[in-house]
Amino acid sequence: MHAAGALAGATAPSSAQSVEVRGACPHDCPDTCAFVTTVKDGVAIKVQGNPGHAHTAGVLCTKVSRYTERTYHPERLLKPLRRVGPKGAGRFEPVAWDEALDDIASRLKAIAGRDPQAILPYSYAGTMGLVQGEGMAARFFHRLGASLLDRTICSAAGGEAMIHTYGLKGGMKVEFFAESRLILIWGSNSIASNLHFWRLAQEAKRKGAKLVCIDPRRTETAEKCHEHVQLLPGTDAALAFAMMHELIVNDWLDHAYLRDHTLGWEALRERALRWSPERAAAVCGIGAQQIRDLARAYGTTKPAAIRLNYGMQRVRGGGNAARAIACLPALVGAWRDRAGGLLLSSSGQFPVDRAALQRPDLLRGRMPRTINMSTIGDDLLRPASAAFGPRIEALVVYNSNPVAVAPESARVVAGFAREDLFTVVIEQFQTDTADYADYVLPATTQLEHWDIQVAYGHTDVLLNRPAIAPVGEAKPNAQVFRELARRMGFDEPCFADDDEALCRVAYGDKVDYGELLERGFASLKIPDAPFARGGFATPSGKCEFFSERLARQGHDGLPDHVPNHEALGASPDYPLAMISPPARNFLNSTFVNVRSLRDIEGEPLLEMHPADAAARGIASGAVVRVFNDRGEYVCRAEVSPRARPGVVNGLGVWWRKLGLQGTNVNQLTSQRLTDLGRGPVFYDCLVDVRPA
């Protein structure tokens, strides 16, 4: 069934024919686009947006529109590899699949015989697909009894905030932003990372809506909005509370909505009244009048909508900040209108049958420990103990590049360099992490396998059909774990499920699979205004300003402003705050090796405000050292109005091996965690900068 025509449900094409195959973008982006791959003679020649999918509307970002460059990249891994040099040197020899899998299974069996918790899977959103992500892989590791992975590295604090405020990760339907009269784009460079939302915001703007960007960096999005609120990193909760203060004192409140559909209003009101615009202005590094004007616009414009994104929650108080912002729509009754409210993520609205897909019952009552992926640097170096459990002896990495993307990368590298650590990496390219593997197994790209998607920026389920046969000897992730399971002696029938069967299991009867086969997508049946009459998914059924669940966990039940671990002004040695937003043409560390995209980005950059650069004798184009107690990163400076005074922007995430001196921005970030969700604090980082 690898003929492209057969996969598309059409007659197999002759050599002169081409066929179009419907698929879905797998990458960690809220847009989750539907695409169409044109195949001729078994070769993918073009990837375009699916014009039949309303959200995609035939348009793909620059990155994915060049997807054939990724699939047919000259450096694509096409054979299994076995390490022959020192860890990190990237020296490997080809090996047959059977030999590689036999040895991997043998070594995992030996470790599992001592304690299966010494084996750790490490994965994230290299694909957002449910099948090639945590489908067969989860079954394998559950059956094995391996350590569980706390997958926190991107969105944990914000996601936890939504669950404790709304009861789920959900909110507005993205299409109705086009009808909003005021849109606050909070912590998002939508032009670069949420292109299809930006199209809707532009539609609203043409109809007269006001757009306000709230971001420490003057992004491409900020430049296109009517107003930019350029606050300091980690001060978003202070701004939200000052907005509440103004809504209260000016009585821009929906008293009926507050009475009927919220919990904890009086306590929140008391806390908000402590946050005058002047107090918040001093914390946020902006003007008090700008806060008053923003609150007036939000309190008097209907419908008003907030597009919140994850940048703002990558600080110590990220969870509390997201909770504070999430309270705002209920104060003004914005939820009554389908074009009002807030959207951070829609992922909690997807009815995925994770128990059927991932089979946690295979644990058979065992309760393995959980390792946080954001502290992998420390945990790989941690010895066995009663509190920690066994030392990590084996690591299986897929859909992630932790040596590049995990915080405090000097510690991560030291852990991966352990000679007694057995590491398997399933990858499409020889990433920084693959350089430290004992075995590298070649993985298929999205054009070569079945998958089914969940989205976090819209509410459509997308099906991905393979358009071409696997390139070289590459195998889908699910097939690798299927073959390992057989070698491990796992004989449960679920390990025989093929990838299309897993696609069918993922949603069960909650989504019409026939519609997915026919159109490539199916829309979830969700109310246009989900909280117009309350109906939140919290225990109380209300928007929970006060969360009893959080209070029982020892947290403050109300949101609050929680200062950064490394607040600006706290260290005379490191007087600059650094954030590390993604470079426009990369997606985390994905696409960094696509030369046409890397050529656009040029080289690793640090944006500096002219005053900060002048004080250090730094000119644009100079090579600089960015440093703190955790390490040093060498890159090129760009003196730019995109940076505000006191804040530098280290654009990421470049592969370390492509850096000027073999490191990237995560040499400087810490393994400390957020207040909620145990997430990383990439944007809570003090540094200094000097000419190299």
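The values are calculated or read from the model by the stated rules, or taken from the named source; none is laboratory data. All values derive from a computational prediction rather than experimental measurement. Heads up, the Cβs are rebuilt from the backbone with ideal geometry, glycines too, and the neighbour counts pull from every protein chain shown. Accessible surface is based on the protein model in full, side chains and every heavy atom, while ligands, DNA and RNA are left aside. Shrake-Rupley method; radii C 1.70, N 1.55, O 1.52, S 1.80 Å.
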**Fill in**
For strands (runs of 3 or more DSSP E) lying entirely in the range 65-163, having 2 or more residues that are among the aliphatic types (A, V, I, L, M) picks out 119-123, 148-150
**Prompt:** Taking the range 15-35 on its own, how many of its residues are over 23 Å from the mean Cα position of the chain (by Cα), under 12 Å from Leu462 (Cα atoms) and either among the hydrophobic types (A, V, I, L, M, F, W, C) or at pLDDT below 95 (or both)?
**Reply:** 0
**Asked** Just for helices (runs of 4 or more DSSP H) wholly inside the range 176-277: which have at least 2 residues that are farther than 21 Å from Ala295 by Cα and over 30 Å from the mean Cα position of the chain (by Cα)?
**Response** 255-261
**Message:** Which pairs turn up if I take residues in the range 352-365 that are touching a residue at least 12 places away in the same chain (Cβ under 8 Å) and look for partners that are among the charged types (D, E, K, R) with beta carbon separation below 6 Å, at least 6 apart in sequence or on another chain?
**Reply:** Gln358/Glu134; Arg359/Arg139; Leu362/Arg143
**Fill in**
Checking Ala414, Ala434, Ala455 in turn, the sole residue that is among the aliphatic types (A, V, I, L, M), open to solvent by less than 10 Å² (accessible area, probe 1.4 Å), touching a residue at least 24 places away in the same chain (Cβ under 8 Å) and more than 25 Å from Asp509 (Cα to Cα) turns out to be Ala434
**Qualifying positions in the range 557-583 - crowded, with 19+ Cβ neighbours inside 10 Å and over 23 Å from Ala324 (Cβ atoms)** = Tyr574, Leu576, Met578, Ser580, Ala583
**Message:** So, in the range 193-230, how many residues would count as being touching a helix residue (DSSP H, G or I) at 6+ places or on another chain (Cβ under 6 Å) and open to solvent by 10 Å² or more (accessible area, probe 1.4 Å)?
**Reply:** 6
**Prompt:** Name the residues in the range 164-175 that are in contact with a strand residue (DSSP E or B) (Cβ under 9 Å, 6 or more places away or on another chain) and either among the aliphatic types (A, V, I, L, M) or assigned to a helix (DSSP H, G or I) (or both), would you?
**Reply:** His164, Thr165, Met172, Val174
**Message:** I'd like the full set of residues that are within 21 Å of Leu421 (Cβ to Cβ), out of contact with any Phe, Trp or Tyr (no Cβ under 7 Å at 6 or more places or on another chain) and either open to solvent by less than 20 Å² (accessible area, probe 1.4 Å) or not basic (Lys, Arg) (or both), limited to the range 85-98.
**Reply:** Gly85, Pro86, Ala89, Gly90, Phe92, Glu93, Val95
**Asked** Does the range 19-40 contain at least one residue that is loosely packed, with under 15 Cβ neighbours inside 10 Å and touching a residue at least 24 places away in the same chain (Cβ under 8 Å)?
**Response** no
**Complete:** Here the residues within the range 141-168 that are open to solvent by 10 Å² or more (accessible area, probe 1.4 Å) and either of a type in the set (Phe, Trp, Tyr) or free of Cβ contacts under 8 Å to residues at least 40 places away in the same chain (or both) are Phe141
**Asked** Does Gly554 count as open to solvent by 10 Å² or more (accessible area, probe 1.4 Å) and not basic (Lys, Arg)?
**Response** yes
**Prompt:** Given Arg316, Arg382, Arg323, which one is within 21 Å of the chain's Cα centre (by Cα), farther than 25 Å from Glu179 by Cβ and not in a helix (DSSP H, G or I)?
**Reply:** Arg316
**Message:** Step by step: first the residues of the range 292-333, then only those that are within 25 Å of Asp254 (Cβ to Cβ) and of a type in the set (Ser, Thr, Tyr), then the one that is surrounded by the fewest Cβ atoms within 10 Å (Cβ to Cβ). Which residue is that?
**Reply:** Thr300
**Request:** Only residues that are more than 14 Å from Leu77 (Cα to Cα) and either of a type in the set (Gly, Ala, Ser) or open to solvent by 20 Å² or more (accessible area, probe 1.4 Å) (or both): list them for the range 419-431, please.
**Result:** Glu419, Asp420
**Request:** Just give me the residues in the range 321-338 being out of contact with any Ser or Thr (no Cβ under 6 Å at 6 or more places or on another chain) and more than 26 Å from Gly679 (Cα to Cα), in sequence order.
**Result:** Leu331, Val332, Gly333, Ala334, Trp335, Arg336, Asp337, Arg338
**Request:** Count, please, the residues in the range 106-140 that happen to be in contact with an Asp or Glu (Cβ under 9 Å, 6 or more places away or on another chain), open to solvent by less than 20 Å² (accessible area, probe 1.4 Å) and either within 26 Å of Arg465 (Cα to Cα) or among the polar types (S, T, N, Q) (or both).
**Result:** 11
**Prompt:** Just a yes or no: is a residue in the range 250-263 among the β-branched types (Val, Ile, Thr), open to solvent by 40 Å² or more (accessible area, probe 1.4 Å) and touching a residue at least 60 places away in the same chain (Cβ under 8 Å)?
**Reply:** no
**Complete:** Heads up, the strands (runs of 3 or more DSSP E) in the range 601-649 (entirely inside) with at least 2 residues that are open to solvent by 20 Å² or more (accessible area, probe 1.4 Å) and among the charged types (D, E, K, R) are 631-639
**Prompt:** Across the range 460-473, what is the total count of residues that are surrounded by fewer than 20 Cβ atoms within 10 Å (Cβ to Cβ) and touching a Ser or Thr at 6+ places or on another chain (Cβ under 6 Å)?
**Reply:** 1
**Message:** If a residue must be out of contact with any strand residue (DSSP E or B) (no Cβ under 7 Å at 6 or more places or on another chain) and buried (at least 19 other Cβ atoms within 10 Å of the Cβ), how many such residues does the range 514-528 contain?
**Reply:** 0
**Message:** Kindly evaluate Arg269 against the criterion of being surrounded by 17 or more Cβ atoms within 10 Å (Cβ to Cβ) and charged (D, E, K, R).
**Reply:** yes
**Item:** the range 75-106: number of residues that are touching a helix residue (DSSP H, G or I) at 6+ places or on another chain (Cβ under 6 Å) and not small (Gly, Ala, Ser)
**Value:** 3
**Request:** Could you please find all residues in the range 650-692 being in a loop (DSSP other than H, G, I, E, B), of a type in the set (A, V, I, L, M) and more than 23 Å from the chain's Cα centre (by Cα)?
**Result:** Leu660, Ala692
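When you scan the range 351-376, how many residues do you find that are outside any strand (DSSP E or B), open to solvent by 10 Å² or more (accessible area, probe 1.4 Å) and either acidic (Asp, Glu) or touching a strand residue (DSSP E or B) at 6+ places or on another chain (Cβ under 7 Å) (or both)?
Counting residues in the range 351-376 that are outside any strand (DSSP E or B), open to solvent by 10 Å² or more (accessible area, probe 1.4 Å) and either acidic (Asp, Glu) or touching a strand residue (DSSP E or B) at 6+ places or on another chain (Cβ under 7 Å) (or both) gives 4.
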**Item:** Matching residues in the range 481-498 - criterion: being of a type outside the set (A, V, I, L, M) and open to solvent by less than 20 Å² (accessible area, probe 1.4 Å)
**Value:** Phe481, Cys494, Phe495
**Request:** Determine the pairs where a residue that is within 24 Å of Val174 (Cβ to Cβ), located within the range 501-528, has a partner that is polar (S, T, N, Q) with Cβ atoms under 6 Å apart, the partner being 6 or more residues away or on another chain.
**Result:** Leu524/Thr459; Ile526/Gln349; Ile526/Thr459
